[in-house]
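Nothing in this text is a laboratory measurement; each read-out follows from the coordinates by a stated rule. Predicted model, so just to flag it, every value in this text is computed and none were measured. Quick reminder, even Gly has a Cβ in these numbers, built from the backbone with ideal geometry, and neighbours come from all protein chains shown.
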Amino acid sequence: MKICPICGSESVSCVSLSDESLWICKTCSYTGSVIEGDEKLIKKVREEYNYKLKKEKINETEKENEPFLENMMKICPNCGSDNVNWVLPQLWSIWNCETCGYRGPVIEGDEKLIREIRKEYIEKLKEEKKEINELEQENESLEEDLTDEEIEKKLDELLESDLVLDNYEKLREEIISKTDTTIAEIYKSLEKEILSWNDKIKFKTVNDNLTFSYNSEFLKISLDNDKINLKLSFSENKPFDDYKAITQVKSENEKIKIVFFSLNSYDDIDYALFLIEQSYENNNKNNYLERLYFTI
């Protein structure tokens with residue numbers, strides 16, 4: 001009998017009146033010449049065909065379970081963005097995320113992982129935005145209840161703050177002049193980089209300390225002759241990454257923890273900035289909201 005040479009099926013039919021060699025198999029859709037075969041040949045062809053189908057199915061399953069290494073890319077662990085840049089060759093583990101401002105080690109991820117991280121990040125931003133809106137509403141309510149006297153007092157406080165800023169340069173130079181030249185230059189490099197993050201960062205001198213704030217104080221510096229002492233503040237429940245373990249942590253109360261460390265070398269400036277920027281972002285929720293959404 002005529003059978004399909006691929007699957008051994010007898011369900012074959014000639015599809016051309018002019019070409020008797022052109023047949024089609026209704027079982028496996030093979031098109032071409034058929035063969036003559038008995039029950040023994042049919043059994044053999046079918047066994048080979050079924051083995052081939054089983055092997056192809058196993059290969060497809062294995063391929064589906066394999067990680068798509070060619071699709072893996074370096075991504076930000078905070079927001080899932082692949083817009084990350086290597087900071088310095090000397091610090092191979094420190095990367096900058098241009099989307100959310102994260103600085104630190106990155107991870108390898110595919111599209112699936114990117115979607116998961118981005119979804120969590122956007123939910124976090126929405127929650128933070130909700131908290132800020134609620135805080136702003138509370139502030140508006142308080143301002144509506146202020147008396148004329150209280151408003152005048154607030155204006156006086158603002159004017160006094162402006163005077164402090166006007167005198168900052170003079171006081172700053174006095175503090176810096178008391179320390180070693182190298183330490184002074186290291187401090188100036190540090191200060192220049194911090195102030196470049198945001199033109200609304202405020203700085204002032206308090207009791208020979210140099211402080212930086214945006215929404216709230218995120219850095220306090222005191223200068224010794226041989227080192228720079230830095231103090232950062234964090235919410236107790238916020239993560240803090242010090243993979244070199246150079247800091248000391250002290251809980252000031254249930255909600256705030258203070259992080260201390262010292263700096264006396266140009267080589268350590270980048271790592272110091274990595275730590276400081278975490279405090280800056282922790283004390284500045286608006287920093288996230290300025291970059292609220294990116295393309296998914």
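How high is the FRET efficiency between ASN209 and SER93 when r is their beta carbon distance and R₀ equals 45 Å, given to the nearest 0.05? That pair, ASN209 with SER93, gives E of 0.90. Once the Cβ-Cβ distance of LYS57 and LYS124 is raised to the sixth power relative to R0 = 35 Å, the FRET efficiency obtained is 0.25.
Note on ASN198 and ASN237: their simple-model spin labels are 2.1 nm apart, each label 7 Å out from Cα toward Cβ.
Residues GLU10, GLU47, ranked from the fewest to the most other C-beta atoms within 10 Å, line up as GLU47, GLU10. Extension gain for ASP224 to ASN85 (0.36 nm times residue separation, less C-alpha to C-alpha distance): 46.6 nm.
Residue exposure proxy: SER216, SER279, ordered by other Cβ atoms within 10 angstrom of their Cβ from fewest to most, comes out as SER216, SER279. Annotation for GLU116 and MET1: the two label points, set 7 Å from Cα along the Cα-Cβ direction, are 5.3 nm apart.
As a rough footprinting exposure proxy, the listed residues MET73, MET1 were ranked by other beta carbons within 10 Å of their own, and the order from fewest upward is MET1, MET73. For THR99, no residue 5 or more places off, or on another chain, has a built amide H under 5 Å of its own. Database remark: amide H of ILE107 closer than 5 angstrom to the amide H of ILE75 (H placed geometrically; neighbours at sequence offset of 5 or more, or on other chains; Pro and chain starts carry no H).
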